[in-house]
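What follows is a single structure, written as structure tokens, with notes after it.
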Amino acid sequence: MTENNKETIERATVKTVVKTTGKTVVLGVCGGIAAYKVAYVASALTQAGVDVHVIMTKNATEFISPMTFETLTANRVIVDTFDRNFQWDVKHVSLAKKADLFVIAPATANMIAKMAYGIADDMLSTTVLAASCKKLVFPAMNTGMYNNPATQRNIDILKNDGMFIFEPASGYLACGDVGAGRLPEPDKITECVKFFLNSDNTLKGKKVLVTAGATREAIDPVRYITNHSTGKMGYAIARRAAEMGAQVVLVSGQTNLEAPFGVEKIDIVSARDMFEAVKEHGKDCDIIVKAAAVADYRPKTVADQKIKKSEGDAFIDLERTDDILKYLGEHKKKGQVICGFSMETENLLENSRKKLDKKNADMIAANSIRQKGAGFASDTNIVTLITRDGAEELECMDKYDVADIILKRLADMM
Ligand code: CTP
């Protein structure tokens with residue numbers, strides 16, 4: 001990111017549409033070495049405006065201090081002190097009722113077994129039993145314990161009960177074994193929690209194809225032609241579409257971004273690859289959003305060997321690539337809604353309207369790279385949505401929020 005861009009983003013007034021603020025997550029932490037990773041999750045969710053309440057088993061406090069979670073979440077941690085003198089505090093039951101989501105991480109074999117059989121002999125298992133919200137379970141344990149038929153049987157019971165179980169990652173385990181049993185990394189868990197918190201049914205049963213990022217057109221085995229697209233806008237659209245309940249295919253050029261949770265990603269390199277992938281996967285899609293920055297030209301021939309320099313100037317013969325959006329517009333299926341993007345440096349609205357007609361799109365999301373808070377690499381964008389009915393100018397907002405509005409408008413058009 002350039003210094004200029006940074007300044008631009010800081011100065012822009014960013015409007016937030018989709019909020020995790022005000023949502024309540026109960027985080028159940030069991031006694032496993034991976035408990036420390038959950039501190040990052042608690043912190044990230046709190047920073048996203050989520051009200052995080054942590055319940056720890058007694059064993060969990062041997063691995064990480066309740067004070068860590070209390071400091072990170074600004075909420076009192078409930079530790080399992082379930083003894084004879086214990087006074088049942090209805091607040092704990094009300095917490096179960098208040099929770100929008102229950103996350104159990106790391107979930108030990110013991111806790112999984114208790115949840116499977118409805119055993120409520122400590123604070124965490126009791127609150128799990130009382131809660132009726134969606135429950136995400138992240139098992140983490142020794143490979144042998146995880147693969148044990150008893151644990152697998154219990155996991156199947158939880159699945160049948162409607163809990164969401166996330167396969168542990170494979171790798172080096174604290175016990176020295178190598179295999180399945182690692183708790184996924186905190187950012188993966190956080191992303192997954194946010195996905196569930198933000199999910200709705202706006203696009204349930206619909207199939208959405210999104211293209212994102214830049215294409216690369218090879219000159220020789222060493223060099224290529226590309227552009228500044230980072231893929232952030234397209235990835236935000238794919239992520240939000242999946243949260244809205246759609247089946248999402250993301251056709252992506254080279255980016256540094258991870259595939260959003262719940263999205264099928266297809267990696268491509270060139271405009272030709274993207275064209276083929278879109279033709280194959282776009283056929284039965286209800287919505288297609290072409291956020292990718294596709295090369296308009298490619299070298300006529302690709303040299304087999306590295307081109308050596310010689311005296312004087314060099315020239316590359318270029319030929320046109322296929323206009324994928326135009327192809328989609330010409331082959332539009334009944335009921336299908338197609339949205340393109342338009343990146344301009346001048347005459348934004350006029351040029352974008354022309355693209356809407358020429359490519360037979362239903363919407364063009366027009367953005368100028370000249371505006372503060374918009375364009376490549378930025379986390380925000382300023383977009384005008386152009387349809388045959390008119391133009392809707394959006395404020396500067398996070399690309400994720402822009403994605404939300406684009407998808408809602410497209411859903412309305414279907
Ligand atoms: N697009 C495409 N295939 C191409 C070029 C562009 O599908 N070969 C799509 C882009 O993904 C975007 C829309 O067309 O959704 C507009 O892209 P843009 O680069 O703004 O405009 P172009 O059509 O390439 O026209 P120009 O370069 O003249 O502005």
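Before moving on, here are some points about what is shown:
- For region 245-304 versus region 351-414, the gap between their alpha-carbon centres in whole angstrom: 19
- Label separation (Ala314 vs Val222): 0.8 nm, computed from points 7 Å beyond Cα along the C-beta direction.
- Rounded to 10°, Cα long-axis angle of helix 186-198 versus longest principal axis of the chain: 80
- On Cα atoms only, tilt of 399-413 relative to the major axis of the chain in degrees: 80
- Cα gyration tensor, region 285-414 - rounded (a/c under 1.5), prolate or oblate: prolate
- Length-normalised contact order of the chain in % [C-alpha pairs under 8 Å, at least 6 apart]: 13
- Multiplying each eigenvalue of the alpha-carbon gyration tensor of region 24-198 by 5 and taking the square root yields semi-axes of 23, 19, 16 Å, largest first, rounded to whole angstroms.
- For the pair Glu344 and Asn201, a Förster radius of 56 Å applied to the C-beta separation gives a FRET efficiency near 0.95, rounded to the nearest 0.05.
- Whether region 199-275 is rounded, prolate or oblate, judged on the alpha carbon gyration tensor where a/c under 1.5 counts as rounded: prolate
- Modelled label positions at Val302 and Val93, each set 7 Å beyond Cα in the direction of Cβ, lie 6.7 nm from each other.
- Note on Ala130 and Lys354: their simple-model spin labels are 6.6 nm apart, each label 7 Å out from Cα toward Cβ.
- Compared with the dominant Cα axis of the chain, that is its longest principal axis, helix 232-243 is turned about 50°.
- One chain, two ends: Tyr117 and Val178. Fully extended at 0.36 nm per residue, the span grows by 19.0 nm beyond their Cα-Cα distance.
- Taking all Cα pairs closer than 8 Å and separated by 6 or more residues, the relative contact order of region 104-203 comes to 26 percent.
- The alpha carbon radius of gyration of the chain, expressed as a multiple of 2.2 N^0.38 Å, is 1.15.
- Gaussian network model of the chain, springs between alpha carbon atoms under 10 Å - residue of Ala365, Ala214, Ala174 with greatest fluctuation: Ala174
- Within the chain, helix-based [θ] at 222 nm, where runs of 4 or more DSSP H residues each add -39,500 (n - 2.57), nearest 500: -10500 deg cm²/dmol
- Contour excess over end-to-end distance, with Cα ends at Lys334 and Asp156 and 0.36 nm allotted per residue: 60.0 nm
Here, each number is a calculation from the coordinates, and none is a lab measurement. Remember, it's a predicted structure, so these values are computed and weren't measured experimentally. When we count neighbours, we look across all protein chains shown, and the Cβ atoms used for this are built from the backbone with ideal geometry, even at glycine.
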